[in-house]
Structure formats: structure tokens, C-alpha cells
1. Being at pLDDT 90 or above, more than 9 Å from every other protein chain (Cβ to nearest Cβ) and not in a loop (DSSP other than H, G, I, E, B) narrows it down to one residue among A:LEU157, A:LEU164; which is it?
2. Sort out for me the strands (runs of 3 or more DSSP E) sitting completely within the stretch C:162-277 that have 3 or more residues that are in contact with a His (Cβ under 9 Å, 6 or more places away or on another chain).
3. For the stretch A:208-241, which positions are surrounded by fewer than 21 Cβ atoms within 10 Å (Cβ to Cβ) and touching a Gly at 6+ places or on another chain (Cβ under 6 Å)?
4. How about the stretch B:164-188: which of its residues are assigned to a helix (DSSP H, G or I), touching a residue at least 40 places away in the same chain (Cβ under 8 Å) and surrounded by 24 or more Cβ atoms within 10 Å (Cβ to Cβ)?
5. What number of residues within the stretch C:119-137 are within 12 Å of another protein chain (Cβ to nearest Cβ) and either among the hydroxyl-bearing types (Ser, Thr, Tyr) or closer than 16 Å to C:MET103 by Cβ (or both)?
6. Quick check on C:LEU121: is it among the hydrophobic types (A, V, I, L, M, F, W, C), out of contact with any strand residue (DSSP E or B) (no Cβ under 9 Å at 6 or more places or on another chain), surrounded by 17 or more Cβ atoms within 10 Å (Cβ to Cβ) and not assigned by TED's automatic domain parsing to the domain that holds C:PHE236?
Amino acid sequence: MKVASKVYTFLVFLFLYAPIFVLIIFSFNDSDTMSRSVFSGFSLRWYARLFEDRMIMDALKNTLIIAVVAAAVATVLGTVAAIGLNGIRNKWVRRMMMNVTNLPMVNPEIVTGVSLMLLFVFVAQSLGGLSLGMLSLILAHITFCTPYVVLSVLPKLRQMDPHLYEAAQDLGCDPRRAFFKVVLPEIMPGIVTGMIMAFTLSIDDFIISYFTSGTTQTLPIYIYSMTRKRVSPEINALSTLLFVAVLFLLVIVNLRQARDKRAQERKEGLES
Amino acid sequence: MFFLRSIWLGAIATGICLLVGYPLAYIISRTGARVQSVLVMLVMLPMWMNFLLRTYAWMTLLEDNGIINTALATLGLPKLHMINTSGAVVLGMVYNYIPYMILPLYSALAKMDHSVIEAAQDLGANQRRVFTKVIFPLSMPGVISGITMVFVPAVSTFIISKMLGGGSNLLIGDLIDMQFLGSAYNPNLGSAISLVLMVLILICMGIMNQFDDGETRGGGLMI
Amino acid sequence: MGETPIIELKNIAVSFDGEAVLKDFNLRIRGGEFVTLLGPSGCGKTTTLRIVGGFVHPDQGDVFFNGQKINDVPPHKREVNTIFQKYALFPHLNVYDNVAFGMRVHGKSEKEIKSTVKNMLNMVNLNGFAHRNVNRLSGGQQQRVAIARALANHPKVLLLDEPLGALDLKLRKDMQAELKKIQQQTGITFIFVTHDQEEALSMSDTVVVMDKGEIQQIGSPQDIYNEPKNAFVADFIGESNILDGVMVDDYLAEFAGQRFRCVDKGFAKNEPVDVVIRPEDIDVVAPDESPLSGVVTSVTFKGVHYEIIVDVAGFKWMIQSTDFQEEGSKIGLLLQPDDIHIMKKSEYSGMFGDYTTFSDEMDEDILASQREEAEEEDEI
């Protein structure tokens, strides 16, 4: 890289990371005035406060429950939908179905949020006295996660040699067994990617949850209410923990991939 | 008013993202494989942090008594009023959505066959012409999907404007929010505005899609 | 003819999206034969194979296996195995597990599987490859694994869908010989699909030439080459000069403005016919020694022979000769009675066999576009 490129790259990353580092530094701020701009010594008090906060812990629990359920359901739904979409022969029908699938992803989140809210309120009222909460949140999350699973499974199905499924049948598998023995292992990477995406999207979602949660708190919703109070360094502590957790996960995933790759190469090196 | 401001601010933010993101995406796509994957991960990493927190971080930086102004004061410089301006809203949009611009651009540029560039040079094109005649047209799918992935959330946001724009820089999103969960409770009007917003954006995307082969969208989101 | 054919297709008709792919198709295949379905892309040969494999259901007609109707038997219950165009090896399994796949499905014991896999890999010369990743094998090796995998199931019939299409020429020749050897060793009926006429001629016991969803000719490779039934077959198999002619009488044909003695009979008097003359059968003589003479318009060196295009009164002939001729020189063309082959007029008359517009590049172009089409057809 030329010097100019290096400087440019550095500046953009400075822009991207400066706010995050500020957050992290101030999460260790030992200040009674709860100032957001003066650093007056190192302390872990905000972390302690964070873990004592029942509301945050409840919100975290809700968030995780919703993410696990929504990701699991969306993965199954999305995979089945992708297989169906892939099987459509008619070009026009397929294109139309793809557009219908993509629409929720290009649609502004706020529109998805309010329309789901209206739907849930309508259904809840016509069922009599139900209110929005965990169930509506989970349903909403399944709704916006499913297209992402479809989108990550579909390319794997397209890449797959269509004859694999036939080859398995040719060698004696009935269609169901052929699917589980051959097709499923082939598209597994896409399914896993889709599931991870669904999980992280669900954990991270604020806008759609905001409209469909009723009085139930998820972590992003709670964070939002904290930012409204303007001054609350607990958020800094929470941000730091989340950031470190994500960083940790990413590093592990990357290390594992690198290790698998090396192991693979070594194995092949030995045999040839 | 709300509509115009939303589209105007969203368009400015999208433009800045493209101008800032393109060189970076190009630089990343031309580095060695190892550095490349690290840089891509660094671009993605902030996206894994909740955008409320990222926006909150800017609040602490931009406030009248915030970190930047404190720093300016210690240097003996006059304070700047930054928070609650439309500039702060655009900054928040750029900050939050620029990875959505860089990643599709990067994947379009990285896919590009380097020999095409060499061929253009071989045929006598200078650096500027190589860029305008070869590199940029070939990266068009990335540009298109980057623009849509930034413009759509930027136009429809209501959090960034609320947190960084104060009460005076409200956008369509805020208007919708107010009709449902805010002071001006009126779901009918809210639904109407939502529908108009949706149609507006679908029209924009439709126009964009004329330049796109339709296969690349969302590719940048893949891990 | 009294024995029951192992595969019989009766009055089969298939169409995709309203386009007829096979029309009233009838074929009997005897056990132990090496049968090749030969034709240009889109002729329905792959569809025929897929009907036997059970992957395409005919709109009309019946499929018989050893005399039993198998129209409604699903692929996994048929005693046939397929070698797919791009091999369709299971990428998540290694060589051993690929070959063992069919036996595991059928619940064979691991001991039996182990010895069979060993035998199969031995047969296809892949000893020591058992634990390799199939994605890292060369095209030829993948091909061998596909053969081993299909044969490990001990099929009665093996279906091969352009199995050598992806290999380079040298490897192709080796694999042709090897496949033929395996077929003779095992005695399994092979149904082989290809668009390469040379491959078809050198490997098969019986060649089925197809075009537009119909069988044009069935016969031994020699029959197909020496006695083509119509202009399509004559042109598709090797090079041919095809002329308009009239059968004046038995053993006497008229074409190119001359009368020639020939060995064909049984046509009506003065019946219009197509006359086929193979380029390698024509002898070049001095212009005054033959009633046919013309000017050499192009000469191409082909290694074994020269390819000479001669303009005889406006019709361009192709001659293959080991002797060089000067471009622009006048030469005579001498034909013996058994060089002349007479065919009935068909829908293909007048479409082939004139070398006026012939060029090598064009042939290559046509081949390339056919290959692309073949891939598209494959998607059906």
C-alpha cells in the first residue's frame, strides 16, 4: 500500500472506531457526577451497577429467548422456502416469488414494524383482550429473519450439482433419504450462515421490536430508554461488554476456520 | 417538509458514504489476502454493535459539553454547537450505514478480474480513463446495491434524528413514530405515511434496478 | 430376436413446455450390449437415458425392463445406475464413502462393502485413493470414481450421459478404451450417450443415431458409416459429399451430369435419390482420365491426409487424399461402383453434403455452440 492509501485507511477506521473507544474508556470512568466528558479515574462501578440492574438482566433474557426461537423457526422455514423456490421451473413465477421474498428486506424497517404492529393489534383485539408481548415479538422476528435464511441457502442450492439428488436416488435412496443424506449436507454451510445471521439480526433489532413489543423489554429497547435519560454511564459498560463479546466470538470463528483450513491442507499433503 | 428533509438528508448521507467508501473499498480490494480479510472484518465489526449504542457514542462526542468541546476548551478554542443540527443527523447516518456501502463495493471490486485493468492500460488508457471507463462501470452492481442499502435505512430512520437532531430535525420516520407510539396518536395517518414511504422507496429501488442485474443485492451482507 | 430385450421403450413420447423432445420412440436393447445414442444436442438422447433411469416420466408409451413394465418404478428401485455428465460425486464424502454409498443404502455389511470398494477401485485403477477428498481429484480420476460408484451397486444396466465430455482429448481416448474393457469384463449392458461420432463408432456394438426426437438409424458402427440411411446420418457420421441424383435403373445412377455404375438396386425407375460419396473413397487422377473433373479451390493439411476442395461444375466436392494437389490445378475424380452409396430422399435432402461454405472455423463454432446447448439441455 502506498502511504496515501495507508493514511486514508487509517482515517476512515479512526472515524469508525473513535466513538466506540470513547464509549469503552468512559465505561471505566470513576465519577460521581456521571459526567460523559470528563475522565476522573479508573473504576468498575458501572459494571457492578449493570449486573445489579434487574431490568437489564430481564431484557437480556428476553432478547436471548426471542433470538433462539426466532432463529430456529426462521432457519427451518427459510430452508424449506429456499428448496421450494429453487424447484420452481417457470421463470416468471420464480422471479415473482423471489421479489416477494426480497421485499421485506428492502422495505424500510419502520414500515415493516408498524404494519406488523397493526396486524398484531388487530388479531389480538379480535381474539379478545390479548396484548402484544413475547409472542408478537417472536412472530415479528421470525418474519424479518426468514428472507435472510432464504437468501443464504438459495445460492448453495444453485451451486449444487442438480444431479447429486438424482445420483443418490440412482444409488438406491428414496427421495426423503436422498435429501437428508446428500442435499442437506451440501447446503449445510448456507443453512448455518443463515441461522447465525438470523440470530444476530434478532439480537440487534430495535426498530421492529420497538413497534411490536407492547410493554415487554428487550435489550435494544431498554438501551433506547436509557439513552432517553441522557446521562447513564451504565450504557458504556454494557456497550463495552457487548463489543468484547462480539470481538471474542469473531476471533474464535476466524481462528477455527484458519485451523480447519490448515488441518485440511496438512491431511492432503500427507496423502499425496 | 418531513419528506423533503428525509430525502435530502438521506441523499447527502448516501453521497458521502459513496465518496468516502469507494476509495477505501478499492484500497482493501487491492491488498494482500491476509490483510484484506482483517480489514473487511474491521469494517464489519462496528455493525455488530447495536446502532443505538453507536449513535449514543456520537451524542457523548458532539454534545455542547461533550468530549470534542471539552477538548477544544482545554486547547483554548471556542466551543462548537454540533448536536441537534442537521449536520449531526447526516454524520449519524454516514457513521451507521457506511459499512453497508463499503462491503458491496468491496465485493464487486474484489471479484473484478485484474487483467481487465491491465488490458485497458495496455490499450493506452491512462489512470483516470482506466477508472472511469473500466473499473467504475464494472463495479456498478456494487455501487447500486451500496446506494440502496444506505439510502433506504437513512431515509426511514427515526432514531438517529431523535438522538442527534434534537426536536428540530425530524424526519418521516419520526412522523410515523409519533402517529403510533408518540404524542400525535393517529394510526390512520401513520399508515398512510408508511405506505407513501414504502411506495417512494420501491420506486427508487425500481429505478436503481434498471442498472442492476438483480443478482448482487444483499451479497454484501453475507459473512 | 426371440429373447426378451433387457430394456425396451415402446411408443414413447415426451414434451417439455409444449415442445416435443421424443416422438413415437421405439428401442429394444439386448442384454450385454454396448449401445450408443448418438446425435446433436437437443435430439432427445439424454431424455431417452433419463427415461430409462426413471428421472423423466414419458407422456405416452411404456418402459420395460426384462419384459416388465417399469413406468411407475421410482429411480431408487430400478436395477440401473447412471454416470452423470459432471459425475455428481458427493462432495462431502471421500472416495471410499462415495463408492460405498449405494451399498450402505442397501444395508450391506461393512465387511462386504470394504472388499467390494477395494475391488471396484482396483478395477478403475484408483488403488490407494480411498481416503482422498473427491474435490481434489483430476477430471479423469473423478470419472473413475463415478464409474466405481455406479458399478459397486452391481447394476444390470449402466447409463452413461456424455461421461467423457469434460475430459481432454488424450484422456478421452484412454477412458474410451478403459470403459470398453470394463464393459467386456463385467458383461453389463451399457447405454452410452454422446454427440461425438468418432467415440460412438469406436466403442459401440450398436449405434442409435437420433435427431429431432426420432431415431434416424440403428445399426453396427460399420453399417452406420457405410450404409447411411439418409443425408442426416451421412453428414453427421464422418464427412460426405451428398449429391442430387436419379436412379436410372438397378445398378445405374445419374448425378453430376454423368451416369455411373453402382451396387445399389431396388429403387423405382428414374426415382430421385441422394447420392453419398465419402471423401476418402475418391481417387485423384489426371483430368482426362475421368468424366468428372474440376479445379482445386483449397487444400488443407490434416496430418494423415490433405483435405482438398474441388469445384466440379459449381458443386464443391471434398476429397481426402495423401497426395498434395496445387491450388488452382485441374484434377480428375475417379469413382468405383462401390464408392457410390444411394439413399432414398428424406426431409434432410439438400441440407448437407455441399462444401461450398465449408470452413474449419465454422465447424468449430457449430461444435462450440452445440456444447453450450448441450449444457442448457442438461438443465431440463
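1. Working: A:LEU164 fails: more than 9 Å from every other protein chain (Cβ to nearest Cβ).
It is A:LEU157.
2. On the way: elements: C:189-194, C:206-211, C:214-219, C:241-249, C:252-255, C:258-261, C:271-277.
Because the criterion is at least 3 residues that are in contact with a His (Cβ under 9 Å, 6 or more places away or on another chain), the strands (runs of 3 or more DSSP E) in the stretch C:162-277 that meet it are C:271-277.
3. Within the stretch A:208-241, A:GLY214, A:THR216 qualify.
4. We begin by selecting, within the stretch B:164-188, every residue assigned to a helix (DSSP H, G or I); these are B:164, B:172-180, B:187-188.
Among the residues that remain, those that are also touching a residue at least 40 places away in the same chain (Cβ under 8 Å) are: B:164, B:172-175.
Passing the criteria: B:LEU164, B:ILE172, B:GLY173.
5. Residues of the stretch C:119-137 within 12 Å of another protein chain (Cβ to nearest Cβ): C:128-137.
Filter once more, so that each one left must be either among the hydroxyl-bearing types (Ser, Thr, Tyr) or closer than 16 Å to C:MET103 by Cβ (or both): C:130.
Adding up the residues that qualify gives 1.
6. Values: among the hydrophobic types (A, V, I, L, M, F, W, C): yes; out of contact with any strand residue (DSSP E or B) (no Cβ under 9 Å at 6 or more places or on another chain): yes; surrounded by 17 or more Cβ atoms within 10 Å (Cβ to Cβ): yes; not assigned by TED's automatic domain parsing to the domain that holds C:PHE236: yes.
Answer is yes for this residue.
Here's the yes/no breakdown for (1) among the polar types (S, T, N, Q); (2) surrounded by fewer than 18 Cβ atoms within 10 Å (Cβ to Cβ):
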residue	(1), (2)
C:ILE70	no, no
C:ILE83	no, no
C:LEU89	no, no
C:ASN98	yes, no
C:LEU126	no, no
C:SER138	yes, yes
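Yes/no matrix, rows are residues, columns are (1) of a type in the set (A, V, I, L, M, F, W, C); (2) not assigned by TED's automatic domain parsing to the domain that holds C:HIS305:
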site	(1), (2)
C:LYS170	no, yes
C:THR189	no, yes
C:PHE192	yes, yes
C:ASP205	no, yes
C:LYS212	no, yes
C:ASP235	no, no
C:ASP250	no, no
C:PHE255	yes, no
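The values are calculated or read from the model by the stated rules, or taken from the named source; none is laboratory data. What you see is a predicted model; the values in this text were computed from it and never measured. Neighbour counts are summed over all protein chains in view; Cβ atoms, including those assigned to glycine, are modelled from backbone coordinates with ideal geometry.
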